[in-house]
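Asker: Please see the structure below; I have some questions.
The values are calculated or read from the model by the stated rules, or taken from the named source; none is laboratory data. Bear in mind the structure is a predicted one, so any value in this text is a computation, not a measurement. Counting neighbours? That spans all protein chains shown, and the Cβs are built from the backbone with ideal geometry, glycine included. SASA here: full protein model, heavy atoms, side chains in, ligands and nucleic acids out. Shrake-Rupley method; radii C 1.70, N 1.55, O 1.52, S 1.80 Å.
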Amino acid sequence: MNNIFNYIDKPSPIHRLSGATKFICLMLWSFAAMSTYDTRMLAGLVIFGVVLFRVGNIRIKEVSFVFGFMAFFLVVNTVMLYVFAPHHGSEIYGTSTVLFGSGRFSVTAEQLFYQLNYTLKFFATIPVVLLFVSTTNPSEFAASLNKIGIKYSVAYSVALALRYIPDIQSQYRDISQASQARGIEMSKKASFIDRLKAASDILIPLILTSVDRIEVISNAMELRCFGKNKKRTWYTERPFTPADIIAMVLCGLLIALSTWLTCLNGGRYYNPFK
Amino acid sequence: MDRDILLQFTDFGFQYKAQSKPTLYDINLTLRRGERILIAGPSGSGKSTLVHCINGLIPFSYKGSVTGSLKIKGRESRDMSLFEISHTVGTVLQDSDAQFVGMTVAEDIAFALENDCVGEPMLHDRVAEAAKLVNVNDYLSHAPGELSGGQKQRVSLAGVLIDDVDILMFDEPLANLDPATGKQAIELIDDMQKRTGTTVIIVEHRIEDVLHRSVDRVVLMDKGRIVADVPADELLSGTLLEECGIREPLYITALKYANVPITQDKHPASIDTIRLTDEDKRKVVEWYRNTGEDEPEGLTEQLVRTESLSFTYDGGTNRSINDISLEIKKGEMAAIIGKNGAGKSSFAKVLCGFETQSAGSIYYMGYEITPMSIKERAEHIGYVMQNPNEMISKVFIYDEVAMGLKLRGVPESEIDERVEKALRICGLWRMRKWPVSALSYGQKKRVTIASILVLDPEMIILDEPTAGQDYRHYTEIMEFLLDLNARGITVIMITHDMHLMLEYADRAIVFSDGRKIADDKSYNILTNGDVINKASLKETSLYELAGICGIDDGTDFVRHFIGYERKHKRGQL
């Protein structure tokens, strides 16, 4: 079964890092990637990210669904960006080198370069997010959220949601099969509107049974003293190891690098057109 | 004050906020340290409410008004917090899936300690210790999906035991287990109690299975009151169980049919303890000789045939089916049995076209139906899911039942006619304008059956038709299915309930690890030791009773019993 958003348990140096480390690194990395449009830096992050993916022993196939989903949004986004602001690149870089075409939709080197950077940003962050999700045990993730100051009840509900995703997926499958038998058409034979209506007929029983389930779970949790104290401990929490410190320092350096580049470039953009 | 009294109800009553009448009346019950009690009662008798009162969910999560007093270890429970009560009473919930809140076995066992801020290395040590106690220490890093029902229940038990509670309460521990696992669960509870000296409360309506190991007292509830609080031997010698709609152990029923007087001094609590006189045994043998009749004629017309049917889920071998060849006769009422994951449901899903086989063929009245869509097959083979809530998507009963026809574009006038027919068969016509939410579980089940019947299938497959039902509702649903069968509809039931199969299925098809391992008359299956072991079933106590009375052919004795029981139930005797 293709898991949409799930932990993949494999031995790797990245799996061995503590959840909190990975979470902090993810934050630092994303901040570094968000704050700069420097092509060299972004390209470096993309390559580094791919290397980490290999280190984490996660194969593209295992996350292909989410990756494809996000790539789809990237394409839509890029097209929109061009349609609505075809000369945004020229505004940023201050020059306009028309490659071909004329008028509003003339293609400039600056615009292409800007959109290249934009795409690089995507490839610099998304793989790392996926890496985080697939190498971090959800309860460790919850523990790390709690560690950085988020209330444990909130943190735990995140973990619990992840815990029940596979169950709900299989329940959805069962309900949808039974509904199809009664005549709800979910295949491509039906029109989009019909399929949307059909989906709502499946979602109603799914939601109602989930509500029942939530009541049972919350009772089960309270009966075992969830919410008794302001704090709780975590079975999966691990103390920091030297590897954790190194990882966090490295990611801290990324921020420093991106800040240094910003100063050097006199702004967030690296301008080769000057 | 007696320090050994852990729990004391005095003139206790409870009324839910939204209800007009109390659910519990005049409850007087005392539980001492080290005691083992069984609380039994039909659905709606108030036993779940009593459970909630004991573990503190009432009044902390479910609001309502309490009268009288409930003292837990000498303190009025109202003055305690839910968490304080939880340290005294540990509850193992009926649905061990829902109780499983951790991502892995270890985390789930650790849950209560985590909430109590227990730190390392204590946390890991105590988890390891508790896991060892219930024998799940090899599975610490497993996710719930990788465990069997019995293992999940052991994990739940460890998660409660870790807190050193005084009282262990099991809410319907047998509901989701196959017969052999259920038997092991009762043995586990018993051993755990003997080793730790904990006080145990088991809430269950399957009395025969619980009494496999002894209890000190049985508390019988009916209509919100305690109607008996006596040793099991005494309860089984009376007629109270029958009056409350609880199923007696089968050997007791057989003895009653044979006119054997059942008294306390015969220790009727379990087939292992019962002492029968020679006179009693003679009566049983005589009854056996005088009953029994010719088998009804076998059905011959073939409805469905599968040939070497195989199917594998992407995930792995579990739940897959392998080389299944079988025949279903027109007008038959048969059961598909086997433990969880044996491939029973997968087989049904392939039959209905929900999944496509990797090899083999399915013939319906002689025609290969593999090319037919789910929707087309549903007009011949209907499938009723276990949980009716998973099938109902409309607000009103009429719309729900009409849905399949509307989606098929059937003309309005014909829809009216067919829906009326289906609703009348299912005894729901009077309620056609009601919202589905106003119905009981059993009635909802009938709505889902009606919504399948309306499509006029020749055959329906029901997944666990009576799961979680007490004897009265069980009988109601099963008699209804029998009635459908009498109208010519072929009924196939997927189940691990042995009573159901014995009483209602003429034939049982047994699955184990994705293969068909037996296909025979139900009474032959349930007396075949080899099949029983492989399919995680349990020998019926009737077979043992035959042995005790010196009847050599135990299988034939079971067959006589079923024949007699069927007539008896339908008032022909």
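Asker: Suppose every Lys and Arg Cβ carries +1 and every Asp and Glu Cβ carries -1, with no other charges. What dipole size does chain A come out with about its Cα centre, to the nearest 20 debye?
Answerer: 340
Asker: In terms of Cα to Cα distance under 29 Å, which lysines are near enough to residue A:274, apart from those fewer than 8 places away along the same chain?
Answerer: Filter leaves A:121.
Asker: Among DSSP beta bridges whose residues both lie in the protein assembly as shown, state the antiparallel percentage, nearest 5.
Answerer: 55
Asker: Follow-up question, since we're still on this one. Accessible area of residue A:104, 1.4 Å probe, to the nearest 10 Å²?
Answerer: Near enough 130 Å² of accessible area.
Asker: Counting only protein chains, not ligands or nucleic acids, how are A:80, A:70 ordered by accessible area (probe 1.4 Å), most first?
Answerer: A:80, A:70
Asker: Which net charge results for the neighbourhood of residue A:96, defined as the other residues with beta-carbon distances under 15 angstrom from its beta-carbon, given Lys and Arg at +1 and Asp and Glu at -1?
Answerer: Computed value for this residue: 0.
Asker: Here is a follow-up. Can you send over the solvent-accessible area of residue B:139, 1.4 Å probe, protein chains only, in Å² to the nearest 10?
Answerer: 70
Asker: Between chains A and B, what is the buried accessible area summed over both chains (1.4 Å probe, protein heavy atoms, nearest 100 Å²)?
Answerer: Looking at A and B, the buried total is near 4800 Å².
Asker: With angles folded into 0 to 90 degrees, how steeply does helix B:471-486 sit against the dominant principal axis of chain B? Use alpha carbons for both and round to 10.
Answerer: 0
Asker: Any idea which of A:99, A:88, A:48 is furthest toward the positive side of the dipole for chain A, if Lys and Arg beta-carbons carry +1 and Asp and Glu beta-carbons -1?
Answerer: My answer, from the dipole projection, is A:48.
Asker: When every alpha-carbon pair in chain B is counted, what percent end up more than 46 Å apart?
Answerer: 18
Asker: With unit charges on the beta carbon (Lys/Arg positive, Asp/Glu negative), name the residue among B:98, B:219, B:287 whose Cα is farthest towards the positive pole of the charge dipole of the protein assembly as shown.
Answerer: Value computed over the given set: B:98.
Asker: Sticking with this structure for a sec: Going by average Cβ density within 10 Å per residue, which order do the peptides B:390-400, B:321-331 take, highest to lowest?
Answerer: B:390-400, B:321-331
Asker: Which cross-chain or sequence-distant (5 or more) residues have an amide H under 5 Å from the amide H of residue B:336, H modelled 1.01 Å from N in plane?
Answerer: B:493, B:494, B:495, B:509
Asker: Could I ask something else about it? Can you tell me the order of B:372-385, A:37-50 when each peptide is scored by its average per-residue count of other Cβ atoms within 10 angstrom, highest first?
Answerer: B:372-385, A:37-50
Asker: Select from B:431, B:491, B:350 the residue farthest towards the positive end of the dipole of chain B; place +1 on Cβ of Lys and Arg, -1 on Cβ of Asp and Glu, and compute about the Cα centre.
Answerer: Projecting each Cα onto the dipole axis, the largest value belongs to B:431.
Asker: What ranking, highest mean first, results for peptides B:236-243, A:260-267 when packing means the other Cβ atoms within 10 Å averaged over each residue?
Answerer: B:236-243, A:260-267
Asker: Taking only Cα atoms, what is the 0 to 90° angle, nearest 10, from helix B:554-569's long axis to the longest principal axis of chain B?
Answerer: So the helix axis and the longest Cα principal axis differ by about 90 degrees.
Asker: Quick check: the angle from helix A:109-135's long axis to the longest principal axis of chain A, C-alpha only, nearest 10 degrees?
Answerer: Approximately 30 degrees, to the nearest 10.
Asker: Another question, if that's okay. In whole Hz and in residue order, list the ³J(HN,Hα) couplings for the range A:168-180 that follow from phi through the Karplus curve 6.51 cos²θ - 1.76 cosθ + 1.60, θ = phi - 60°; x for Gly and Pro.
Answerer: Going residue by residue, I get 5, 4, 6, 5, 4, 4, 4, 5, 5, 5, 5, 5, 5 Hz, with x marking Gly and Pro.
Asker: Here's something else I'd like to know. Out of every Cα pair in the range A:19-265, what percent are spaced more than 29 Å from each other?
Answerer: Tail of P(r) above 29 Å: 52 percent of Cα pairs.
Asker: Going down the list B:329/B:516; B:152/B:344; B:47/B:132; B:132/B:194, which pairs span over 27 Å between their C-alpha atoms?
Answerer: Going by Cα-Cα distance, B:47/B:132 fall outside the 27 Å limit.
Asker: Once neighbouring chains are kept in place and the probe is 1.4 Å, which whole percent of the accessible area of the protein assembly as shown is contributed by carbon and sulfur?
Answerer: Carbon with sulfur: 56 percent of the solvent-accessible area.
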